[in-house]
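Structure record follows, encoded as structure tokens.
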Amino acid sequence: AAIRLHGFPGGGATPIEKAEQAPAYIKYTRDLLLILPNQKLPDPPFRIEFDFGFSNSASDWDNPIKPLQDILQKKYNFNDKEVFQGIVTKTKVPKGKELIRIKISNYEIDRTEPLFFHSKNREFIYSN
């Protein structure tokens, strides 16, 4: 299910912009705390997936992550140090159809498969 909010505030603002956004952020927090379903989270560690539907394609993909994650921590009583993987998608939507999709699941790494890391055209393989 998607949460539809108009003009949700992002992070990365200057101190002056943050002061101007304070009433909007307070409303955003209050609205989300009411809209988010009451449910039990899986056991940590967590994988969080965000899909932000922006009507303005110039919106930065990462600005709303921290404010939203702070609200999720407050609602579901967890610590973000328990988030081991985050996946973020930015989608262009029509004006008035802005949305946030959130999925929180248990994060398990498959230790039977090697992990591959790439660094400056060199491939490093880690296997447990």
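The values are calculated or read from the model by the stated rules, or taken from the named source; none is laboratory data. Small disclaimer: the values here were computed from a predicted structure and weren't measured. Every residue, glycine as well, gets a Cβ built from its backbone with ideal geometry; the counts of neighbours run over all protein chains shown. The protein model used for the area step is the full one, side chains on, heavy atoms only, and it has no ligands, DNA or RNA in it. Shrake-Rupley method; radii C 1.70, N 1.55, O 1.52, S 1.80 Å.
Which one is most open to solvent (accessible area, probe 1.4 Å), of the residues in segment 74-92 that are within 13 Å of Ile104 (Cα to Cα) and part of a strand (DSSP E or B)? Checking each candidate, the answer is Phe84. Could you list all residues from segment 101-128 that are part of a strand (DSSP E or B) and modelled with pLDDT under 90? Scanning segment 101-128 gives Leu115, Phe116, Phe117, His118, Ser119, Arg122, Glu123, Phe124, Ile125, Tyr126. For segment 29-54, residues that are more than 26 Å from Lys92 (Cβ to Cβ) and open to solvent by less than 90 Å² (accessible area, probe 1.4 Å) total 7. Residue-level check: of (1) modelled with pLDDT of 60 or more; (2) at negative phi, Asn77 misses just (2). Residue by residue through segment 93-111, note down the ones that are open to solvent by less than 50 Å² (accessible area, probe 1.4 Å) and either without any contact (Cβ under 8 Å) to a residue 40 or more places away in the chain or not hydroxyl-bearing (Ser, Thr, Tyr) (or both). Val93, Gly96, Glu98, Leu99, Ile100, Ile102, Ile104 - these are the residues of segment 93-111 that are open to solvent by less than 50 Å² (accessible area, probe 1.4 Å) and either without any contact (Cβ under 8 Å) to a residue 40 or more places away in the chain or not hydroxyl-bearing (Ser, Thr, Tyr) (or both). Against the list (1) at pLDDT below 85; (2) surrounded by 13 or more Cβ atoms within 10 Å (Cβ to Cβ); (3) assigned to a loop (DSSP other than H, G, I, E, B), the condition Gln21 fails is (3).
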